[in-house]
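Written out below as structure tokens is the structure these notes cover.
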Amino acid sequence: MASESPKKNWSINDFEIGKPLGKGKFGRVYLARESKSKYIVALKVIFKEQIEKYRLQHQLKREMAIQTSLRHPHVLRLYGWFHDAERIFLILEYAHGGELYGELRRVGYLSEQQAATYIASLTHALAYCHEKHVIHRDIKPENLLLDHEGRLKIADFGWSVQSKNKRHTMCGTLDYLAPEMVENKAHDYAVDNWTLGVLCYEFLYGVPPFEADSQADTFQRIMKVDLTFPSTPHVSTEAKDLIIQLLVKDSAKRLPLDKILKHPWIIMNADPNGSFPE
Ligand SMILES: CC(C)n1nc(-c2ccc(NC(=O)/C=C/C(=O)c3ccc(F)c(C(F)(F)F)c3)cc2)c2c(N)ncnc21
């Protein structure tokens, strides 16, 4: 497919457009099929006037360069892109399983095996991104998709940055923000470790750890790392131990990605073929 011929200049006529998959940032996304190869993709339409209005031309170009360069089983592929007079089209890997969020809402909370498998997949994907100097910073359930085998795919790099040093920009919903981001302080790769702790909690309990009635209260709870575990039988002590080692205010003291993969809860519960080894 396109990844083998990045030079190919695609156009809308190369694709048969199918059903709308949903409405995302800056535009809709459709199921589509490349006419010659019959290859199924997701086609995201972004209106140029939206990009121009927010002066995102450069950031979008950088995003496209980042995303086409990332090749990892748990990172959703961007095969290429093309544009016409008023729209930019992203040719994306189609994630047949849709949003992980939907599965989490449907079942309430995940089993420890499922949660650990997703955390291991995310950790592998983040380790890969970090070695390419990409901080995702916007990892929340709605940005996590599932392929036809239920394997996790990180998507929607709307706000990731190609970063070798600290960043100062705010983004994402509040629940997943690390303290240093809430305080709009400089932050680095360790924000993703914090987010893994938030997600692990949410996978197991069905709600994020610092949820509150107001943004101000959520901020407060994050800044105080006001972490409490509901007393439910289905969450093991090991799971809580991992969460506690990730939701640490001092970003330098959060469990590093390689140690997450060696944590007893991950070793005991993650399904090896649900998440690709290094
Ligand atoms: C609805 C359903 C759930 N759905 N959604 C997808 C889907 C997956 C990935 C994307 N990716 C992006 O939209 C990336 C956008 C940017 O990177 C970007 C855009 C504008 C900017 F200004 C910028 C900026 F950086 F300039 F800000 C960045 C979109 C949809 C999907 C799929 N692939 N398969 C199956 N179902 C799927």
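The values are calculated or read from the model by the stated rules, or taken from the named source; none is laboratory data. From a predicted model like this one, the values you see are computed outputs, not experimental measurements. Virtual Cβ from ideal backbone geometry, glycine too; neighbours counted across all protein chains shown. Ligands, DNA and RNA are stripped out before the accessible areas are found, and what is left, the full protein with its side chains, is counted by its heavy atoms. Shrake-Rupley method; radii C 1.70, N 1.55, O 1.52, S 1.80 Å.
Annotation note: trypsin sites (Lys or Arg not before Pro) in region 206-278 located in DSSP loop regions with a Cβ neighbour count of at most 14 within 10 Å are LYS224, LYS249, LYS262. Decide, for region 178-266, between rounded, prolate and oblate: order the square roots of the alpha carbon gyration tensor eigenvalues as a ≥ b ≥ c, take rounded if a/c falls under 1.5, and otherwise choose prolate if a/b is larger than b/c, else oblate. Verdict is oblate for region 178-266.
Could you state the accessible area per residue of the chain in Å², with a 1.4 Å probe and every protein chain left in place? The answer is 48 Å² per residue.
Scanning residues 5 or more positions from VAL41 or on other chains, those with amide H under 5 Å from its amide H are ALA32, ARG33, GLU34, with H placed 1.01 Å from N in the peptide plane. Legend: helices of the chain (whole DSSP H runs) are marked when their alpha-carbon atoms reach 24 angstrom or more along the helix axis and their mean Kyte-Doolittle hydropathy is at least -1.0; marked are 112-131. Segment HIS96..GLN220, full-extension length gain: 40.8 nm, with 0.36 nm per residue of separation and the alpha-carbon distance subtracted.
Taking a ≥ b ≥ c as the square roots of the Cα gyration tensor eigenvalues, with a/c under 1.5 meaning rounded and otherwise prolate when a/b beats b/c, else oblate, which class fits region 1-83? Oblate, since a/c reaches 1.5 and b/c is not below a/b. Evaluated on region 1-146, the Kirkwood hydrodynamic radius is 16.6 Å, with distances taken between all distinct Cα atoms. Database remark: amide H of HIS96 closer than 5 angstrom to the amide H of HIS148 (H placed geometrically; neighbours at sequence offset of 5 or more, or on other chains; Pro and chain starts carry no H). With kT/(6 pi eta Rh) evaluated at 25 °C and eta = 0.890 mPa s, and Rh the Kirkwood radius from Cα pairs, the chain diffuses with a coefficient of 125 µm²/s according to Stokes-Einstein. Could you please state how large a percent of the accessible area of the chain is carbon and sulfur, counting protein chains only and using a 1.4 Å probe? After summing per-atom areas, the C and S share lands at 55 percent. Once you sort the root eigenvalues of the Cα gyration tensor of region 87-142 as a ≥ b ≥ c, which label holds: rounded (a/c under 1.5), prolate (a/b larger than b/c) or oblate (the other case)? Since a/c reaches 1.5 but b/c is at least a/b, the shape of region 87-142 is classed as oblate. Among MET268, MET223, the order of accessible area from largest down is MET268, MET223, computed with a 1.4 Å probe on protein heavy atoms. The slack in the chain from HIS83 to GLU131, taken as 0.36 nm per residue of separation less the alpha-carbon distance, amounts to 14.2 nm.
Within a straight-line Cα-Cα reach of under 20 Å, LYS185 can be paired with the following aspartates and glutamates, leaving aside sequence neighbours fewer than 8 residues apart in one chain: ASP138, ASP175, ASP217, ASP226, ASP250.
Heavy-atom accessible area for SER251, with the other protein chains in place and a 1.4 Å probe, reaches approximately 30 Å². With a 1.4 Å probe rolled over the protein heavy atoms of all chains, the accessible area of TYR118, TYR109, TYR30 falls in the order TYR109, TYR30, TYR118, largest first.
For the chain, the 222 nm mean residue ellipticity estimated from helices alone, with every DSSP H stretch of n ≥ 4 adding -39500 (n - 2.57) and the total spread over all residues, rounds to -10000 deg cm²/dmol. Would you pull out the residues with amide H under 5 Å of VAL134's amide H, same chain only if 5 or more places away, H placed 1.01 Å from N? Here the answer is SER163, since their amide H atoms fall under 5 Å of that of VAL134.
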